[in-house]
């Protein structure tokens with residue numbers, strides 16, 4: 001496919017809105033539940049529910065996408081149903097009702113990204129190194145959301161929070177309508193092999209175990225960082241800017257990932273990402289009251305998400321044949337969801353009982369365990 005044929009802005013606009021929604025939920029969802037009066041344990045459970053849906057939904061939708069080939073239709077259907085089911089939040093704010101809303105909207109939301117990743121990679125045939133250039137617009141959407149909402153919630157009540165999410169969900173729907181469809185090109189490598197056989201390839205299961213551990217380590221970060229910083233005396237506007245600092249670092253990393261992956265193996269990039277994640281969680285748990293330490297820890301988001309995610313997508317793409325791409329991406333999302341849900345749950349239960357330092361220390365150990373696994377179980381492969 002010629003470079004000129006790449007629908008760059010159409011693909012990028014979808015990532016912009018999709019990750020703007022993540023930028024609206026990751027820093028502020030727990031804050032909203034705290035505003036409604038829920039305890040840390042209940043907040044951890046409510047935040048974990050969408051992550052648990054990520055364990056199930058991507059595999060169902062991934063199988064359907066591979067079976068029917070209608071991935072773009074699944075993306076659009078999932079985007080519409082995400083908005084419709086989330087609107088149920090305006091009916092009641094009880095714990096049981098919110099748990100149902102979290103489960104329903106997440107079931108459809110998590111149908112969207114793995115299928116869209118396959119569509120994007122299909123458009124990028126012959127120029128896969130440009131994936132990071134497309135994906136960085138998701139990071140830009142995240143930045144816009146965290147900065148804008150951080151300022152907004154300094155001026156207005158958190159009661160308007162659900163309305164802001166509905167607006168962004170509408171943007172996801174609109175952006176999905178002008179994306180052209182594409183299918184993975186047939187290839188010889190692994191083309192006829194089943195998913196289970198591909199999972200038995202060297203290093204694949206170890207990789208997926210590390211995905212789960214990495215996302216488990218992010219549990220305290222995504223669930224309680226905003227509350228942690230607010231109680232240390234940071235304003236919501238400053239907290240939004242600090243979240244943005246991390247994603248700016250992520251954007252810069254995406255810009256250089258094609259060069260990094262051309263020079264270093266996926267194994268080395270993943271190993272460095274896990275080791276820096278272990279350091280980051282220790283800093284956030286023990287020294288977040290020092291602004292310069294906090295800024296450095298946020299810059300490490302370039303490794304704990306940026307280089308990790310780009311290397312992971314690259315690994316999945318090369319490890320699965322064309323007919324299993326959707327399931328491979330879905331399994332990546334599912335394992336990430338499993339780890340994220342477990343991370344949110346343990347963080348919710350340990351936050352009050354054991355404190356922030358101990359909770360983030362557990363996260364650091366999880367990232368360190370991932371580093372050990374990837375160092376000992378994944379074979380070194382020189383970049384191509």
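The values are calculated or read from the model by the stated rules, or taken from the named source; none is laboratory data. These numbers were taken from a predicted model, which means no experiment stands behind them. Every residue, glycine as well, gets a Cβ built from its backbone with ideal geometry; the counts of neighbours run over all protein chains shown.
Remarks
- Filtered residues of region 314-367 (kept if buried (at least 24 other Cβ atoms within 10 Å of the Cβ) and not in a helix (DSSP H, G or I)): 320
- In the set (1) farther than 22 Å from residue 379 by Cβ; (2) modelled with pLDDT under 85, the condition left unmet by residue 166 is number (2).
- The residue list 78, 62, 44, 37 contains one member that is surrounded by 20 or more Cβ atoms within 10 Å (Cβ to Cβ) and under 22 Å from residue 355 (Cα atoms), which is 44.
- Test: residue 27 is touching a helix residue (DSSP H, G or I) at 6+ places or on another chain (Cβ under 7 Å), in contact (Cβ under 8 Å) with a residue 60 or more places away in the chain, surrounded by 24 or more Cβ atoms within 10 Å (Cβ to Cβ) and not in a helix (DSSP H, G or I): yes
- Meets criteria (in contact (Cβ under 8 Å) with a residue 40 or more places away in the chain and surrounded by fewer than 17 Cβ atoms within 10 Å (Cβ to Cβ)) for residue 9: no
- Any chance residue 343 is in contact with a helix residue (DSSP H, G or I) (Cβ under 6 Å, 6 or more places away or on another chain), within 24 Å of residue 49 (Cα to Cα) and modelled with pLDDT of 90 or more: yes
- Residue in region 317-337 that is modelled with pLDDT of 90 or more and under 25 Å from residue 55 (Cα atoms) present: no
- Extreme residue, nearest to the chain's Cα centre (by Cα), among residues of region 347-368 that are modelled with pLDDT under 95 and within 29 Å of residue 114 (Cα to Cα): 347
- Region 178-217 - residue that is part of a loop (DSSP other than H, G, I, E, B) and out of contact with any helix residue (DSSP H, G or I) (no Cβ under 9 Å at 6 or more places or on another chain) and, of those, modelled with the lowest pLDDT: 188
- Test result for residue 114, buried (at least 23 other Cβ atoms within 10 Å of the Cβ) and in contact (Cβ under 8 Å) with a residue 12 or more places away in the chain: yes
- Filter pass, residue 86 being surrounded by fewer than 22 Cβ atoms within 10 Å (Cβ to Cβ), touching a residue at least 40 places away in the same chain (Cβ under 8 Å) and under 30 Å from residue 34 (Cβ atoms): yes
- Residues in region 229-248 that are in contact with a helix residue (DSSP H, G or I) (Cβ under 7 Å, 6 or more places away or on another chain), part of a helix (DSSP H, G or I) and surrounded by fewer than 21 Cβ atoms within 10 Å (Cβ to Cβ): 230, 237, 241, 245, 248.
- Entry remark, region 90-111: residues being buried (at least 20 other Cβ atoms within 10 Å of the Cβ) and either over 28 Å from residue 34 (Cα atoms) or touching a residue at least 24 places away in the same chain (Cβ under 8 Å) (or both) number 9 in total.
- Positions within region 266-313 being out of contact with any helix residue (DSSP H, G or I) (no Cβ under 7 Å at 6 or more places or on another chain), over 25 Å from residue 209 (Cβ atoms) and either touching a residue at least 60 places away in the same chain (Cβ under 8 Å) or outside any helix (DSSP H, G or I) (or both), in sequence order: 289, 290
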